[in-house]
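The values are calculated or read from the model by the stated rules, or taken from the named source; none is laboratory data. Since the structure is predicted, the reported quantities are computational estimates derived from the model, not experimental observations. Please note: Cβ atoms are built from the backbone with ideal geometry, for glycine as well, and neighbour counts cover all protein chains shown. Surface areas here come from the heavy atoms of the whole protein model, side chains and all, with no ligands, DNA or RNA. Shrake-Rupley method; radii C 1.70, N 1.55, O 1.52, S 1.80 Å.
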Amino acid sequence: MWVHLLSVVGFFIWNISVTDGLPDCCNIERTDDALQVMCLQCHLQAIPLDVPKKTTFLDLSWNNVKSLLRESFNNLPFLEHLTLTRNKLSLIWSGAFDHLVNLKHLDLSYNLLDVSSFKGSVFQPLNNLRIFSINDNKFYLKNTFPETIFRSLPQIESLSIGLFDGFIFGKEFLNLTNLKTLKFHQDSKLSIRNTSFKGLEIMNISDLTFFVKTKVLESNALYPFQNLSSLYLNSRRYNDIRSVLPIIYGLRGRTMETIRLSYNYARNAGTVRLGKWDIRFLSTVCVRKLILSDNAIESISIAAVLSWTSRGCIKYLDLSGNSLHSPQVFFILKLFPSIQHFDCSFKRSVFLRKRSNIFDQRVYLPNSLVYLNFTHSQLTIFGYVNFVENNNLKVLDISYQQPSLECGGRMKGLEHLTEFDISGIDCSTPHPEMFTEMLMLSKLRARESQLGNSRTFHTRSLFKGLDSLSYVDLSSNQIANLNSNTFIDQTESLKTIVLADNIMERLPFQILKQLNVLEMFDIRNNRISSLTYSEYTLLHNYQSKSDNFTVKLAGNPLVCDCESLDFISWIGTTQAIYDKDQLVCVHNNMKIVKLLESFHEFRIHCVSQFWLTVSTSLAVIVLVFGIVLRLAWRYSVRLRSLCRQPVEHDTYPYDIFVSYCREDCRWIRECLATWLEGHDIEYSAEDKTFDTGLDLCDNIMGAIDDSYQTVFVVSCKFLEYEWQTFAMKLASRYSFREGRENMNIIILLDDMKQSEFPKLIRDIWDKIRPLQWPNEHNTDKTRLGTARKLFWEKLLKRIRKGNKRLVACSLVESTDMTVFKITLMVLMSPK
């Protein structure tokens with residue numbers, strides 16, 4: 001009946017929640033011998049059907065899978081690693097794992113499984129399973145272990161499982177004869193008593209881990225683990241380190257590889273000081289690697305260390321994440337005769353007593369010590385400290401101190417140092433000889449050290465003599481450029497340069513040319529927009545000399561335009577760029593590898609754009625040339641008037657030059673020409689005197705020079721013709737030469753305003769005083785004859801004014817008329 005009910009429930013879930021394919025949030029990564037599929041937080045309700053058949057790694061963490069059906073993994077015979085942690089798994093159907101014959105790692109932690117969720121035989125086909133995690137499920141609710149699993153998986157080597165208060169391991173657990181690693185996880189508080197692991201003496205467990213909160217922790221609880229070499233206990237910030245240390249007593253007399261006691265401090269309880277009573281438990285064990293990180297330890301008394309009888313076994317000591325006073329650290333460090341590795345990094349901020357002044361102190365280090373880590377601590381002594389000589393320290397990390405240190409001093413006694421990290425230290429004014437004694441230095445990190453603002457850095461002296469230096473990390477220093485002699489002493493040693501996150505706009509070409517063994521150059525996240533031919537050819541030559549050479553360019557604002565066509569083409573062909581798939585065009589945020597897929601079309605577009613640019617440029621040139629010609633024509637009055645001197649005449653060939661437009665020919669022929677001939681006035685005009693072989697402008701200027709005056713017959717049509725306005729401008733310009741101010745006469749045939757005339761005419765309008773031709777539109781018909789007679793009289797007076805020939809003729813006419821009148825009076829008078 002129970003089996004039938006499970007069948008109905010399984011069929012129902014299959015029909016309503018099966019996933020037909022991989023969602024878009026899944027990530028697939030392929031390597032030569034592996035295929036990884038990761039679908040984290042994809043809201044999956046069931047196992048996807050379209051997982052590739054050759055998948056070896058499948059991670060479905062943080063989803064909503066509730067059950068594993070018989071068909072869930074039918075198509076995955078090569079799967080080796082399956083992770084289903086943090087789902088809502090509560091049912092595993094028989095046969096669900098039948099096809100996973102190569103599965104080695106299975107993680108079902110943080111789900112809703114209990115003893116009724118599956119049959120023990122469901123895991124029996126997993127003959128190759130070695131690592132199994134089933135912790136943080138619901139087994140603790142019934143205070144029992146899933147012992148049926150243990151019967152089916154005797155071959156597993158690593159087991160992660162949850163505990164419950166009052167737990168006891170049954171006989172089924174003893175079937176795990178190959179078990180080497182055992183991990184316990186539990187959020188709820190429980191007791192670990194001396195009898196908790198009774199019966200496990202025959203097991204060969206070497207690695208034991210506790211992630212538990214304990215109410216009771218008895219000192220002899222670990223005694224059954226006779227073969228234990230590694231212990232890790234994390235009370236999840238619930239138990240004080242002093243209440244955890246007694247558990248080590250159960251391992252008394254043993255030689256251990258690693259003991260790690262971390263995150264054992266009660267929140268908001270302040271710091272702790274370890275004394276003799278606490279250290280006596282550590283004295284019972286000879287441990288090579290001791291990790292006491294993140295336990296809120298403020299101090300370890302000198303007396304406690306001296307009472308630590310087994311401290312000579314310790315080669316690796318980690319006190320990171322505590323609150324130790326830096327001066328005290330150096331005092332107790334000397335008391336560990338065999339220590340090689342010491343870590344006191346990431347000091348927690350606490351209220352400390354006033355520190356003693358230890359500037360200019362000599363620090364003694366154990367001769368065995370080779371690694372010293374004080375990163376993210378609160379040191380104030382480096383740069384003023386001299387290490388006593390004859391130490392063997394090779395690695396020193398003092399990066400990111402709070403408050404920040406200044407590297408203004410010269411450190412002594414570090415002649416054996418090979419690796420040095422001063423990241424985060426203010427080196428804007430470094431001592432020019434700060435590295436002088438570190439002749440064996442091969443690796444230097446100086447990230448975020450303000451070296452870009454240092455004058456010393458841009459000289460040769462800072463790295464002078466360091467001919468073993470092979471790795472330099474100068475990231476995030478606001479470096480804009482490098483002096484060509486910065487690494488002049490490292491031409492045969494420097495293999496790696498990291499200049500990421502600076503403000504460089506070009507590669508340090510001169511420096512790169514000098515380095516003969518360079519293998520990796522990191523210039524990510526700078527301001528480089530493109531590489532010149534010389535720059536990428538140099539990188540290509542490095543890659544040709546060594547297949548190991550790589551350059552990192554990602555994060556730069558690379559410009560993908562037609563000017564950088566050759567550079568983009570080089571990106572597509574070179575093997576030197578390590579992060580080629582991360583290079584992005586800055587203007588459209590397109591990955592360059594995607595652009596290279598259509599590079600042929602891009603090149604054609606650039607060629608087309610080139611010719612478009614050429615043709616556009618030519619068009620612009622032609623347009624500009626036309627505008628220049630237009631302007632030259634418009635302003636040629638000034639040029640011609642300056643370059644041409646008027647012809648001087650004692651007697652001008654013509655009295656007037658008449659300028660008019662063809663639309664006014666009728667008026668000229670019927671009115672003006674007839675009147676001029678009747679008054680014996682010689683005139684020049686286009687149809688009468690122009691030489692057809694000469695340029696129009698030359699004809700106009702010649703006519704003006706040969707005429708005593710110029711008469712412009714202006715109508716609305718007149719100003720539409722360029723040469724007439726040119727003549728008017730030219731004549732007006734001439735009117736200001738040599739006292740010839742009266743050489744312009746304007747006759748207005750239409751009603752026109754002053755503003756319609758060229759500027760030269762407007763400026764002398766009052767001197768010219770144009771004559772208006774009377775017509776039906778501007779004169780009353782009854783007075784039209786009288787008005788026109790007056791018009792001709794004014795015109796004649798203007799023409800005769802200053803004209804010697806016409807004046808003489810006028811006098812002759814006047815004399816003849818006087819003689820005639822006198823004669824007539826004599827004849828008519830009475831004798």
| request: Give me the percent of the accessible area of the range 477-595 that comes from carbon and sulfur atoms, probe 1.4 Å, all protein chains in place. | output: 44
| task | Rounded to the nearest 10 degrees, what's the angle between the helix 2-17 long axis and the longest principal axis of the chain, both from Cα atoms, 0 to 90? | result | 10
| task | Please state the charge dipole magnitude for the chain, taken about the Cα centre, from unit charges on C-beta atoms (+1 on K and R, -1 on D and E), reported in debye and rounded to the nearest 20. | result | 3000
| query | When the solvent-accessible surface of protein heavy atoms is calculated with a 1.4 angstrom probe, in what order do Val370, Val713 fall, highest first? | reply | Val370, Val713
| Residue (of Ile291, Gly270, Gln772) at the positive-pole extreme of the chain, dipole from beta-carbon charges | Gly270
| Which whole-Hz ³J(HN,Hα) couplings does the range 617-627 yield from phi under the Karplus relation 6.51 cos²θ - 1.76 cosθ + 1.60, θ = phi - 60°, glycine and proline marked x? | 5, 4, 4, 5, 4, 4, 5, 5, 4, x, 5
| message | Looking at the chain only, what percent of DSSP beta bridges run antiparallel? Nearest 5 please. | response | 5
| For the chain, what value does the Rg/Rh ratio take when both radii are computed over Cα atoms and Rh is the Kirkwood radius, given to two decimals? | 1.38
| Over the range 21-158, what lengths in whole Å, largest first, do the semi-axes of the equivalent ellipsoid take, defined as the square roots of 5 times the eigenvalues of the alpha-carbon gyration tensor? | 24, 17, 13
| request: Could you order Asp187, Asp698 so the one with the most accessible surface comes first? Probe is 1.4 Å. | output: Asp187, Asp698
| Which of the peptides 662-670, 55-63 is most tightly packed, and how do the rest follow, going by the mean number of other Cβ atoms within 10 Å of each residue? | 55-63, 662-670
| task | Measure nothing fancy, just the Cα-based angle from helix 804-828's long axis to the longest principal axis of the chain, in degrees from 0 to 90, nearest 10. | result | 30
| task | First check a/c for the range 207-344, with a ≥ b ≥ c the square roots of the eigenvalues of its C-alpha gyration tensor; if it is under 1.5, answer rounded, and if not, answer prolate when a/b is larger than b/c or oblate otherwise. | result | oblate
| message | Starting from 0.36 nm per residue, how many nanometres of slack lie between Thr491 and Lys767 once their C-alpha separation is accounted for? | response | 90.6 nm
| query | Can you give the calculated 222 nm mean residue ellipticity of the chain, where each DSSP H run of n ≥ 4 adds -39,500 (n - 2.57) and the sum is split over every residue, rounded to the nearest 500 deg cm²/dmol? | reply | -7500 deg cm²/dmol
| note | By the mean-Cβ-within-10 Å protection proxy, highest first, 424-436, 572-584 rank as 424-436, 572-584
| note | Helix 722-734 sits off the longest principal axis of the Cα atoms of the chain, rounded to the nearest 10 on a 0 to 90 degree scale, by 70
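Sorting check: for 23-33, 109-119, which peptide has the highest mean count of neighbouring beta carbons within 10 Å, and how do the rest follow?
109-119, 23-33
Provide the per residue accessible area, probe 1.4 Å, for the chain, rounded to a whole number of square angstrom. All intermediate terms of the calculation are to be shown ahead of the outcome.
Details: 41430 Å² over 831 residues.
Heavy-atom SASA per residue in the chain reads 50 Å².
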| field | Members of Lys334/Lys464; Lys138/Lys171; Lys142/Lys215; Lys464/Lys513; Lys119/Lys180 lying beyond 28 Å, as alpha-carbon distances in this model show | value | Lys334/Lys464
| From the square roots a ≥ b ≥ c of the eigenvalues of the alpha-carbon gyration tensor of the range 394-466, which class results: rounded (a/c under 1.5), prolate (a/b over b/c), or oblate? | oblate
